[in-house]
Amino acid sequence: MKRLLIALAPLLLVSCNAYFPHLRVIRANYNVSRGEYQPAIVDYLRAQEAQEYEPWLSYNLGTVYHYLGESGAANDRWESAREADVDDLTFGASFNRGVFLFEQGRYQDAFREFRFALQVNPASRAAKTNLELTLERIEAGSELDGEGSRSGDGGGSTTTGGTDDGATRMLDYVRRKEEQRWRANSEPAPAAEARDW
């Protein structure tokens, strides 16, 4: 029995290396949750050396870089994560890039990112809300800058650089559909009568 354990010991040590990148990711995620970003970056980069799950690690690194205020590195990482053919990563990277661009005041670019994220995941309320907020900022900016033209004779057409009436109509349609869904879910159920057993 003792000889068998001695013979299997090198195999056990080799098999632990297969899980070592996963343990690094777990430790990095834990460090991010504690706000310790530098050790998290080191663990993510070392886990990337195994060349497994590269898009997910790039997404996580982009998020950590964004927390640290390193916008260029964050955008590069999110862009590489977006190249993966995984809807969750594509949505998350586009959404995060939209938030970053919105914070920078680049509303046209943010609008494109949120619209793309919404195309990937049409059920995302956060993407819908941010798309609406971005469109409002674009319209408010065009009114202040005089870039767009709003007809005051009741025509209701709005033209802004980069957005069109189709985007506004799409948002109005989505808003109406969601209102209908909320009303349908909030209607009270009919009261059961005493005769219904």
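Residue-wise test of (1) of a type in the set (D, E, K, R); (2) under 17 Å from Thr63 (Cβ atoms).
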residue: Ala74; (1), (2): no, yes
residue: Glu79; (1), (2): yes, yes
residue: Arg82; (1), (2): yes, yes
residue: Leu101; (1), (2): no, yes
residue: Gly105; (1), (2): no, no
residue: Arg115; (1), (2): yes, no
residue: Leu118; (1), (2): no, no
residue: Leu135; (1), (2): no, no
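Check every one of the helices (runs of 4 or more DSSP H) wholly within the range 28-109 and list those with 2 or more residues that are of a type in the set (Asp, Glu) and under 27 Å from Ala123 (Cβ atoms).
On the way: elements: 37-48, 54-67, 71-82, 87-103.
Where helices (runs of 4 or more DSSP H) fall fully within the range 28-109 and carry at least 2 residues being of a type in the set (Asp, Glu) and under 27 Å from Ala123 (Cβ atoms), they are 87-103.
Within the range 33-69, which residues are closer than 21 Å to Phe102 by Cβ and surrounded by fewer than 16 Cβ atoms within 10 Å (Cβ to Cβ)?
Hits for the range 33-69 are Tyr67, Leu68, Gly69.
Quick note: the coordinates plus some simple rules give every number you see, no bench work behind them. This structure is a prediction, so every number in the text was calculated from the model and none was measured. As a convention, Cβ positions derive from the backbone with ideal geometry for all residues, glycine included, and neighbour counts pool all protein chains shown.
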